[in-house]
Amino acid sequence: MTEILPIPAFNDNYIWSIQNDHGDAWVVDPGDAQPVLRHLAENGLTLRGILITHHHHDHIGGVNELLANHSVPVYGFMRSAIKAITIPLQEGDRVELGDFSLEVLETPGHTLDHIAYFGEIAGAPRLFCGDTLFSAGCGRLFEGDPAMMRQSLDKLKRLPANTYIYCAHEYTLSNLRFAQAVMPESDEVNKRKLQCESLRARGVPTLPAVLGEEVAYNPFLMAEHPAVRRMAQEVSGSPCATATDTFAAIRAWKDRF
């Protein structure tokens, strides 16, 4: 049996451990080695590989220390400057890991070297999307532009509705507060916020999220929605003639929210 567990790191990061009952584990975006090493030791696991979504330090800061303890492949984007990558990847490549495989999706916008990993694990589609897509939100545009990020999000939006989303941060409640500002009349936003408040009060992660539900309360996946466009126009003072204009306006608003 294969399961996916969060390893908390820093203030709000999740390092995802994909592990099986044979004692094998693959970790996604290990920004800190120590919680990973503890998780491996406490669960009797052997590290088999490291998957990287992008170059930010809170996603790769623990890689070298892990490699000092385990000689394993490191997967990442072929044009990334991350020196530790041993298996460079591009759109459409497949990563074979144990009894499952993951397809590589290029998702630039947050950074130019951002990729995501998608595939079926334990009978369900799973997406490891780093900082491109969050529950009720999306990543800041540090290197890309709104059109690039929206194209990446549209690519993820086309995945099966029952896809489980494993993003790298516990930002959900903060994102939902913004979503309420964008869509104050949305029952879906309010329902999700109550659900997540209950989860966090019990110390339970709000992740994974489900893609088919995200499209009903994540404003960054709803740039075509009339209510989102109206609010974007009101806040930005511009006509928001296209969905990309709408996306750009609400992303800029979120940056200062």
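The values are calculated or read from the model by the stated rules, or taken from the named source; none is laboratory data. Predicted, not measured: the structure shown is a model, and the values here were computed from it. In this analysis, Cβ positions are derived from the backbone assuming ideal geometry, glycine residues included, and neighbour counts consider all displayed protein chains. Accessible surface areas use protein heavy atoms only, side chains included; no ligands, DNA or RNA. Shrake-Rupley method; radii C 1.70, N 1.55, O 1.52, S 1.80 Å.
Quick notes on this one:
- Single residue of the stretch 74-104 satisfying the filter (open to solvent by 60 Å² or more (accessible area, probe 1.4 Å) and among the polar types (S, T, N, Q)) that is farthest from F247 (Cα to Cα): T86
- Output for the stretch 151-187, where each listed residue is part of a helix (DSSP H, G or I), of a type in the set (D, E, K, R) and touching a residue at least 12 places away in the same chain (Cβ under 8 Å): K155, K157, R177
- So L207, is it open to solvent by less than 60 Å² (accessible area, probe 1.4 Å) and assigned to a loop (DSSP other than H, G, I, E, B): yes
- Of all residues assigned to the stretch 193-203, none qualifies as being under 30 Å from P88 (Cβ atoms) and among the acidic types (D, E).
- Failed condition for T107, given (1) surrounded by fewer than 24 Cβ atoms within 10 Å (Cβ to Cβ); (2) out of contact with any Asp or Glu (no Cβ under 8 Å at 6 or more places or on another chain); (3) of a type in the set (V, I, T): (1)
- Members of the stretch 51-64 that are surrounded by 23 or more Cβ atoms within 10 Å (Cβ to Cβ) and polar (S, T, N, Q): T53
- Picking from residues in the stretch 230-252 that are crowded, with 22+ Cβ neighbours inside 10 Å and over 17 Å from the mean Cα position of the chain (by Cα), the one that is nearest to D12 (Cα to Cα) is I250.
- Of the residues making up the stretch 185-203, those that are closer than 21 Å to P8 by Cβ, open to solvent by 50 Å² or more (accessible area, probe 1.4 Å) and among the aliphatic types (A, V, I, L, M) number 1.
- Test for D21: is it of a type in the set (D, E) and touching a Ser or Thr at 6+ places or on another chain (Cβ under 7 Å): no
- The stretch 210-257, subset among the β-branched types (V, I, T) and within 19 Å of N175 (Cα to Cα), residue modelled with the lowest pLDDT: V235
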